Structure formats: structure tokens, C-alpha cells
Amino acid sequence: MSETGRLRLARCIVDDGWALRRAAERFQVSVNTASRWANRYRELGAAGMADRSSRPHRSPNRTPTRTERRIIGVRVTRRWGPARIAYLLRLNVSTVHNVLRRYRIAKLRWLDRATGAVVRRMESAACGDLVHVDIKKLGKIPAGGGWRMLGRTVGNRNAQADKSSGQRSARRHPLRGYHFIHTAIDAHSRLVYSELLPDERKDTAAAFWLRANTWFQECGIMVRKVLTDNGSCYRSHTFRDALGDIEHRRTRPYRPQTNGKVERFHRTLADEWAYARLYTSDAQRCQEYPRWLHTYNHHRGHTALGGQPPANRVPNLSGQYN
């Protein structure tokens, strides 16, 4: 029952003189519940209708802080489960489990046993088994530089002047101030094909995939599955026709982690290219993108690949040593 419902119930009993049983039947609660809220209203008024914490005032049997630290220490250093920790420290298994849950310690199945690092990664066995596709929206840089270059006050004024002078139809074309970075990344090798495009419509996404698939084929990668989110462009018949015989998989709604490889690439892209230096114009940043992308594919070490670039995982890739 909401606070408003409790208040109405209590007022019917206390202010209007309703019998407990009548009020309980009207608000579909038990007589004891109706009595409890009525008594709290008499004591505290409307403020008493709010939820109270169910935590006890005293916990004399709570595990001591020193013991909790020992439990967490054994878990971190030895990566043992609750049963083994309980046996070592002569505690109850449920006690150890409650402590680990209270401090939100990662579960053992999430960890790499050798290093203790949290691992939540899907790994494809071969190139082309799965290609992640997604779009990142990136604001254009006004002429002379944006707020990162000139400061927020001057940069924002520069952007407004650029819109008023050269883009009078911006209200009719709200996408004119952005680039849409369409990206396809192979899950096994992390090899990336990416383009800066003007929008994220279905025809644009479908044409991008045709070019991306051709590029992957030239690299010797035959794509078998494509993973996208549930964007309208990816649910269109146009994109379905562009895929052809390639299996199309979609992420669960509100679960961008499923498409994590391309999401992580976009974060790297922002850190190492889009905002890595102060650009004086949008054209300058766009010219730099193909060079940075080549560096990413052929020269930049990748943590998940043991420090090797993505090109090293693709057999006989042309241009690998350029």
C-alpha cells in the first residue's frame, strides 16, 4: 500500500470514525494492518505513514569487523569459496556468504582464477564467427575550435555563430551538427571497419554493412553472424536484405554489455582520437580518423590479445606490417 493509501485508511478510521473491519475491507487489508496504521497516525500524524527501516536498532550477534576483514582477505588472496573460508576460519558457511554478499565481493565464476581479475567476456573461436555492429553519435567541432579548445564560454559562442552563419537550416535538419560513427568489429580478432557518416537511417546502415562485409572479405574473413542492438535501422527490412544469408542476432533490451566489444572500442576511440588532442576544425579531426584507425588495427597493442594488435590474429592479412 502506498503512503497516500495508508493516510486515507488512517483518516477514515481516526477522523471519520469508521470501524476497523469496515475500513480494512474497503482498502483490502487485514484488520491488524488497519489498526497499525491508525495507531501510527494518532501518534505521528501524516508523517508516520512513511516506510520505516527494517534494520534492527541493535545487532549483538553481528560478525565482528575483524572477522569480516579476515574473510575478505582470504577471499582476495586465495580466491576460495564460502565453504573453504568457513572451514579455515571455523565459521558458519552462511556467515561467510553473508559477509561476501554484504561487501559485494565478485563471485568466483566472474573471476580469472590465475589473476583474480573480473572476466565477463564472450570469445569467438575464429574470425568471422561474430561481428559486432553499432553507431556512436559524435558532435562536430565548429570552425576555430570548440569549448575544449577555447573554453566553455568562447567555445559555445563560437558554435552558435557557426550555426547562425553557415547552417541556417539546422532546425529543419537537427542531425547536421553530428557525425554518426558506424562501426563493425570482429569479435575474435578485434579488427575494425568504421566510417564517419551523416546519419543513422536504415539505408545508411545497410550501405555501411555492405562496404564493411566487402572489406572483411578482402581481409580473408567470412562473416557468419552479426550482433546489433535493437535500433530501428537494424530492425528494418533494408538492413535484413543487406545481411543476406548472414545470421542476425540482437542484444537484449537495455543490455549494452552484450555488445560490449564495440562499446569498448567507441570509448577507446573517444579517448585516443576524438578528444585526445585539441583540434581547430572538424575537418582536421576527420582527416585524422583513417590514420588512427589503421594504427588501431595494425600497430596498437590490445589488452585482450596479450598486447598484440588485432591484425596479428587475422591470418595472411595484407598490409599487416605497413
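Consider region 86-99 and keep the residues that are part of a helix (DSSP H, G or I) and more than 33 Å from the chain's Cα centre (by Cα). The one that is surrounded by the fewest Cβ atoms within 10 Å (Cβ to Cβ) is Y87. I need a count of the residues in region 181-213 that are assigned to a helix (DSSP H, G or I) and out of contact with any strand residue (DSSP E or B) (no Cβ under 9 Å at 6 or more places or on another chain). So the answer is 4. Residues of region 52-69 that are without any contact (Cβ under 8 Å) to a residue 24 or more places away in the chain and either buried (at least 17 other Cβ atoms within 10 Å of the Cβ) or not in a helix (DSSP H, G or I) (or both): R52, S53, S54, R55, P56, H57, R58, S59, P60, N61, R62, P64.
A residue that is assigned by TED's automatic domain parsing to the domain that holds P290, of a type in the set (D, E) and more than 26 Å from Y254 (Cα to Cα) occurs somewhere in region 217-225.
No other residue among T303, T280, T238 is over 17 Å from I181 (Cβ atoms), β-branched (V, I, T) and within 24 Å of the chain's Cα centre (by Cα) apart from T303.
When the criteria are applied in full, R36 meets the requirement of being in a helix (DSSP H, G or I) and outside the structural domain of T303 (by TED's automatic domain parsing). Just one of (1) at pLDDT below 80; (2) under 30 Å from V76 (Cα atoms) fails for V96. It is (1).
Of the residues examined, A125 is one that is at pLDDT 60 or above, within 28 Å of P310 (Cβ to Cβ) and surrounded by fewer than 17 Cβ atoms within 10 Å (Cβ to Cβ).
Could we say that H299 is surrounded by fewer than 16 Cβ atoms within 10 Å (Cβ to Cβ), modelled with pLDDT of 95 or more and not aliphatic (A, V, I, L, M) here?
For H299, the condition - surrounded by fewer than 16 Cβ atoms within 10 Å (Cβ to Cβ), modelled with pLDDT of 95 or more and not aliphatic (A, V, I, L, M) - is not met.
The values are calculated or read from the model by the stated rules, or taken from the named source; none is laboratory data. The structure presented is a predicted model; accordingly, all values stated were derived computationally and were not measured. We place every Cβ from the backbone using ideal geometry, glycine too, and count neighbours over all the protein chains shown.
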